[in-house]
Structure formats: structure tokens, C-alpha cells
Amino acid sequence: ETHKGEFATKPTRKLAVLLLTLEDAKKRVTVTDEEAKAAYEQEKASYDTPEKRRIQQIAFPDKAAAEAAKKAIDGGQSFVDAATAAGAKESDIDLGLITKSKLFDAAIRDAAFALEKDKVSDPVEGRFSTVLLRVTAIEPGEQSTFDGVKQKVIDKLTNEKARIEIGKLHDDVDDGRAGGRALKDIAAKTGLTFIDVPAADASGMSPDGKPVIDRPDASRIIGAGFAGQIGVEQDPVE
């Protein structure tokens, strides 16, 4: 009598769960070689590996100061010492190993990617300052081929088609619910996954201590089930 609360069973619910997943939708779509080739040609650049360069940059208040520094470098001063003389630390001048698209100033971008390795540029007048540039490393880019990236292209198209298919399946499920059909019957008609849960507690465990739904998002599904009322239509859980 003193501890009878400790011997009470947890409340459970019987749940009907209909799963509509990206994996389900992928099985319903196909991508032909012709479609994949056409998509590759449209987005070929996105599959290429762009050239990368490690770039150093010293910024100056005006062109005259940049020209004076370039003259000193041509006379034997190191690029780092020229940066120090301009008030910059070595860590300040390193832009890192970057692709051309990461440089937003067109003048600086074009100059940096036309420069030979370890050469110092002439003064480059950017939008906000005049700079000297030096390239210390170059990683060449690589042109893709359709055969080399075919599976990536197919995977991308499959995902795109599957998301469209999900929209159609979602509408089919909603039509079935609006018509008063049980989720089990809708699952049979659409070929989707149906899970019948005879009894689950709020933590998603069965009376014998086993998980009732083996999915990463099971706790959200169970939580929605415990938030609902018997026989009342529930909103989908994403």
C-alpha cells in the first residue's frame, strides 16, 4: 500500500503508423541514361574540380605605395618583409587555398589566377584597395567526364524525382484519409509501409521492453501518437 505506485504499469497506446519515406519514393522512379546525360551537360561545371591557389595579398592605401613596395621587392626585399613594412602580419596576408569563385573582386580574382607560382604581381587596383599578389601553391583543376560522375548524376536526379513522387503519394494518402479509409487500407493501395503497434508506452517500448518502431525518428512518431485522441485524424509528422 505504501509503495503501490511503483508497481503500476505504464499507460500504453495502440497505434497505426503509415510511413512515407524518401527511400520508398526512390523505388518508384527511374532515371534513364539519356536523362542523366542531358542533366550532366546542363550542369557539367558543377561536377568539375576547380583549380585552387594559395594566395598572399598585401593591401595598400594607394597605387603609389603599392608601386614603391613592388620596387623594393624587385630589389630583393621579401614579400613578407614588404607586408611587415606595410603594417601587416604574415598571417594577415594569407588568403588561404581557394578557388577562383571565392575571390569577389573581379580585378584581383583575374590577376591572382593569371599569375605564375611564386611571382609577385604588379599593383592591382581592386574595388577597395590596391594590392600586390603572390601565389605560393597551385592545385590544378580536373575536368569531369560523364562516365566518371554518372552515378552522382543519377543519384541527384533520383532524389529530385523521388521528392516529386512524395508529393503525389502524400496527396493519395490525404485522399484516402478524407474518404474515411483506414491507414492500413491506404498502405495496401499505395504500397507504402504500414506499422501496426499493438501497445507502446510513451518511450516507444512494448510491454516486453522492446522498441516498437525501429527508426531514428521513432520518438517523434510515438510522441505524436500520445498527443492525439482516439479515432481523431492527426497531422502528418515530418
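The values are calculated or read from the model by the stated rules, or taken from the named source; none is laboratory data. For clarity, every value in this text was computed on a predicted model and none was experimentally measured. A quick note on method: Cβ atoms are made from the backbone with ideal geometry, for glycine too, and the neighbour counts reach across all protein chains shown. Keep in mind that these areas ignore ligands, DNA and RNA; they rest on the heavy atoms of the full protein, side chains included. Shrake-Rupley method; radii C 1.70, N 1.55, O 1.52, S 1.80 Å.
Okay, here's what the table says:
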read-out	value
Kirkwood hydrodynamic radius of segment 99-138, from inverse mean 1/r over distinct Cα pairs, in Å	10.2
Cross-link reach list, lysines versus LYS184, counting only Cα pairs under 28 Å and skipping chain neighbours closer than eight places	LYS10, LYS14, LYS26, LYS27, LYS161, LYS168, LYS210
5 angstrom amide H check on ASP48, placed H, neighbours 5+ away	SER144
Sulfur and carbon atoms: percent of accessible area, segment 29-90 [1.4 Å]	49
Gyration tensor verdict on segment 154-228 (Cα atoms; rounded if a/c is under 1.5, prolate if a/b is larger than b/c, oblate otherwise)	oblate
Calculated [θ] (222 nm, deg cm²/dmol) that DSSP helices of n ≥ 4 give over the chain, each run adding -39,500 (n - 2.57)	-12500 deg cm²/dmol
SER46 accessible area, assembled protein chains, probe 1.4 Å, Å²	80
The chain: relative contact order in percent, alpha carbon pairs under 8 Å with at least 6 residues between	31
Reduced Cα scattering model of segment 66-124, Debye log10 I(q)/I(0), q = 0.17, 0.25 Å⁻¹	-0.63, -1.23
3J(HN,Hα) from dihedral phi, segment 21-26, Karplus parametrisation 6.51/-1.76/1.60, rounded to Hz, x for glycine, proline	10, 4, 5, 4, 5, 4
Where only C-alpha atoms are counted, convex hull volume of segment 81-183 per residue in Å³	212
Accessible area (Å², per residue) of segment 128-238, counting only protein heavy atoms and a probe of 1.4 Å	64
Simple spin-label estimate for ASP185 and LYS168 in nanometres, 7 Å along Cα-Cβ	2.4
In sequence order, calculated HN-Hα J values of segment 51-63 (Karplus, 6.51, -1.76, 1.60; Hz; x Gly/Pro)	5, 10, 9, 8, 10, 10, 9, 10, 9, 10, x, 7, 5
Calculated Rg and Dmax of the chain using C-alpha coordinates, Å	31.5, 97
P(r) of segment 11-84 over all Cα-Cα pairs, binned every 5 Å from zero, in whole percent	3, 10, 10, 8, 7, 6, 5, 7, 6, 6, 7, 8, 7, 4, 3, 3, 1, 0
